[in-house]
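Encoded as structure tokens, the structure appears first; notes follow it.
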Amino acid sequence: MIFGNWKVGDQYLSWNGPGLNRFYISKRELLRTTNDPVTEASWYEWVLLVTNEDWLTQDDIFDFNYAFVYASALFGLPFDYTIFDETLAEQYERLDLEEDEDEWM
């Protein structure tokens, strides 16, 4: 299944777009989490890693979010909507900060 420039295969989610940049996430690594050191909220690590990549557009990032949820369901992984909601809140915060920084340049 294709979501914009992202491809969900049988055992992976990968960047399928132009250029030399690559992103490949295996099924077993997809739902890896990290914790916010301040609030101790759990976040899906790959969602934030993608958010931090300057070469990806906002549309690429949003397409990744859809691909991420789809892949989780396809792979039968224990997706947690609470963690995803917390991750998206952090993602939007980071995207807003990035927009604010761009306005100052």
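The values are calculated or read from the model by the stated rules, or taken from the named source; none is laboratory data. Quick caveat, the model's predicted, so the values are computed rather than measured. Neighbour counts are summed over all protein chains in view; Cβ atoms, including those assigned to glycine, are modelled from backbone coordinates with ideal geometry.
Some observations on this one:
- Any hit, the range 29-39, residues being part of a helix (DSSP H, G or I) and either basic (Lys, Arg) or closer than 24 Å to residue 10 by Cα (or both): yes
- Filtered residues of the range 44-100 (kept if part of a loop (DSSP other than H, G, I, E, B), more than 27 Å from residue 20 (Cα to Cα) and either of a type in the set (Asp, Glu) or within 9 Å of the chain's Cα centre (by Cα) (or both)): 80
- Scanning the range 16-48 for residues that are without any contact (Cβ under 8 Å) to a residue 12 or more places away in the chain, touching a strand residue (DSSP E or B) at 6+ places or on another chain (Cβ under 9 Å) and not polar (S, T, N, Q) yields a count of 1.
- Some residue of the range 71-86 being surrounded by 16 or more Cβ atoms within 10 Å (Cβ to Cβ), under 26 Å from residue 10 (Cα atoms), of a type in the set (Gly, Ala, Ser) and at pLDDT 95 or above: yes
- Among the residues of the range 4-48, the ones that are buried (at least 19 other Cβ atoms within 10 Å of the Cβ) and on the phi > 0 side of the Ramachandran plot come to 0 in all.
- Count of the range 1-15 residues, restricted to those that are among the small types (Gly, Ala, Ser) and either assigned to a strand (DSSP E or B) or in contact (Cβ under 8 Å) with a residue 24 or more places away in the chain (or both), is 2.
- The single condition from (1) surrounded by 15 or more Cβ atoms within 10 Å (Cβ to Cβ); (2) within 16 Å of residue 34 (Cβ to Cβ) that residue 60 fails is (2).
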